[in-house]
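Peer 1: Quick one: structure below, then a few questions.
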Amino acid sequence: MIPFIIAEAGVNHCGDLDIALQMIDVAAGAGADAVKFQTYQPEQIVTASAAKAEYQTRNTKNAESQLDLLRRLQLDRQSFHELANYCSKKRITFLSTPFDVDSLHFLTDDLDVPLIKIASGELTNGHLLLEAAETGKPIILSTGMADLSDIEAALGVLAFGYIDGGDDPNRGGFEEAYASEEGKKVLLEKVTLLHCTTEYPAPMEEVNLRAMDHMRDVFGLPVGYSDHTLGSEIAIAAVSLGAEVIEKHFTMDRTLSGPDHLASLEPPELVGMISAIRNAASSLGDGIKAPTASENGNAQAARRSLVAARAIKMGERFTSENLTSKRPGTGISPMHYWDWLGRVASRNYAPDEIIES
């Protein structure tokens, strides 16, 4: 399967619409399937006194509050209309992660995004999860900072929202929806889980790509990978483990001030990563071990046949002294060498002549 590649612009536009438009050009030119931003109302998601995450402070190198940071990086709704329209012109899917219910409905109702991406930090935001599922749209759910119980609880809310929208939401109802056949079916149809390590940049020793296999086995859902490591090799490796979605941050310039630039690819790197992912995915094949079309053309030149090691007269027996194998592989396979020892030659053979049956 060729993975769906999301070029994550996030807030790397620094609150500048012109930069955001340039990022769409880059993502489309690199061959990404989608470019994704972040849509939020700062006052609805963070208190005035909330401190920034450690990585946000480290990467922005200033002491502003998380609220001030989000305000500084925010785009208004008219800008998102322009971004969505520009994506349509550039033939790339527009996506944006909502961080509050108002933003969710703006994206689904006004911009009609084809799917909803839920960020790792919102995995425990039951209200947002329920509202997202009630839209009926597919959901990509990031699982950074989560264990299996966190993921199961989130999936319970999603299952409830998909199949029981409008009923009184409660924990028992979530668990019942998750355990039901209808719930399992709708989750399989609608939800993809993304493995993720929520650190920017993520340490290589904390990536744990095999967690994708674990989640696939436990939940039976499609899985992918949201990459926050430096470089692109881990995203490429994830493809070999069956990632059906790859998400990677990119930036116009890694030296810009912002929380995510350091863990992002610059434009030429994004091009290289997407090309490598496409190649890696196409190289996986169907898993059946058999000669390929190109190998069939090379087999005769590369393999051997039984040949006369020296001149052999008609009536002479084949022995280890007069029988050997050499290229090309157009005659009898040398796997039959021992079957021919002791047989009588039916005609004369010149040295290096291929033995005939």
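Peer 1: Please enumerate the residues belonging to region 5-39 that are under 21 Å from the mean Cα position of the chain (by Cα) and either at pLDDT below 95 or part of a helix (DSSP H, G or I) (or both).
Peer 2: MET23, ILE24, VAL26, ALA27, ALA28, GLY29, ALA30
Peer 1: Only residues that are in a helix (DSSP H, G or I), at pLDDT 95 or above and either touching a Phe, Trp or Tyr at 6+ places or on another chain (Cβ under 6 Å) or among the basic types (Lys, Arg) (or both): list them for region 256-281, please.
Peer 2: Hits for region 256-281 are LEU270, ARG278.
Peer 1: Being hydrophobic (A, V, I, L, M, F, W, C), over 30 Å from LEU67 (Cα atoms) and in contact with an Asp or Glu (Cβ under 6 Å, 6 or more places away or on another chain) is true for just one of ALA211, ALA243, ALA276, ALA235. Which residue is that?
Peer 2: Just a single option satisfies the conditions, and that option is ALA235.
Peer 1: Could I ask something else about it? Identify, please: which residue in region 303-321 is more than 15 Å from HIS336 (Cα to Cα) and surrounded by 12 or more Cβ atoms within 10 Å (Cβ to Cβ) and is, among those, nearest to the chain's Cα centre (by Cα)?
Peer 2: Applying the filter and picking the extreme gives ALA309.
Peer 1: Among the listed residues ASP213, ASP167, identify the single one that is among the charged types (D, E, K, R), assigned by TED's automatic domain parsing to the domain that holds GLY272 and part of a helix (DSSP H, G or I).
Peer 2: Of the residues listed, the single one that is among the charged types (D, E, K, R), assigned by TED's automatic domain parsing to the domain that holds GLY272 and part of a helix (DSSP H, G or I) is ASP213.
Peer 1: Taking region 338-357 only, how many residues are over 13 Å from ALA308 (Cβ atoms) and not in a loop (DSSP other than H, G, I, E, B)?
Peer 2: Residues flagged as over 13 Å from ALA308 (Cβ atoms) and not in a loop (DSSP other than H, G, I, E, B) within region 338-357 amount to 3.
Peer 1: Which of the residues spanning region 127-146 are at negative phi and touching a Lys or Arg at 6+ places or on another chain (Cβ under 9 Å)?
Peer 2: ALA133, LYS137, PRO138, ILE139, ILE140, LEU141, SER142
Peer 1: Which ones in region 325-357 are of a type in the set (Val, Ile, Thr), free of Cβ contacts under 8 Å to residues at least 40 places away in the same chain and crowded, with 17+ Cβ neighbours inside 10 Å?
Peer 2: Within region 325-357, ILE332 is the sole residue that qualifies.
Peer 1: So which residues in region 217-233 are crowded, with 18+ Cβ neighbours inside 10 Å, without any contact (Cβ under 8 Å) to a residue 60 or more places away in the chain and not in a loop (DSSP other than H, G, I, E, B), if there are any at all?
Peer 2: VAL223, TYR225, ASP227, listed by residue number.
Peer 1: Only one residue in PHE106, PHE94 is under 21 Å from ALA20 (Cα atoms) and part of a helix (DSSP H, G or I). Which one?
Peer 2: Result of the check over PHE106, PHE94: PHE106.
Peer 1: For residues that are without any contact (Cβ under 8 Å) to a residue 12 or more places away in the chain and of a type outside the set (Asp, Glu), tally how many sit in region 288-310.
Peer 2: 10
Peer 1: Filter region 60-76 down to the residues that are surrounded by 15 or more Cβ atoms within 10 Å (Cβ to Cβ) and free of Cβ contacts under 8 Å to residues at least 12 places away in the same chain and list them by number.
Peer 2: Listed by number, the list holds a single entry, ASP68.
Peer 1: Shifting gears a bit: Cβ contacts < 6 Å: first residue buried (at least 18 other Cβ atoms within 10 Å of the Cβ), restricted to region 195-213; second residue modelled with pLDDT under 95 and aromatic (Phe, Trp, Tyr), any location; separation 6+ or different chain. Result?
Peer 2: Within 6 Å, the pairs are TYR200/TYR55.
Peer 1: Within region 282-302, identify whether any single residue is touching a Ser or Thr at 6+ places or on another chain (Cβ under 9 Å), surrounded by 15 or more Cβ atoms within 10 Å (Cβ to Cβ) and part of a loop (DSSP other than H, G, I, E, B), and answer yes or no.
Peer 2: So far as region 282-302 goes, no, none of its residues is touching a Ser or Thr at 6+ places or on another chain (Cβ under 9 Å), surrounded by 15 or more Cβ atoms within 10 Å (Cβ to Cβ) and part of a loop (DSSP other than H, G, I, E, B).
The values are calculated or read from the model by the stated rules, or taken from the named source; none is laboratory data. Because the structure is a prediction, the values reported are computed rather than measured. Note that each Cβ is placed from the backbone with ideal geometry, even for glycine, and that neighbours are counted across all protein chains shown.
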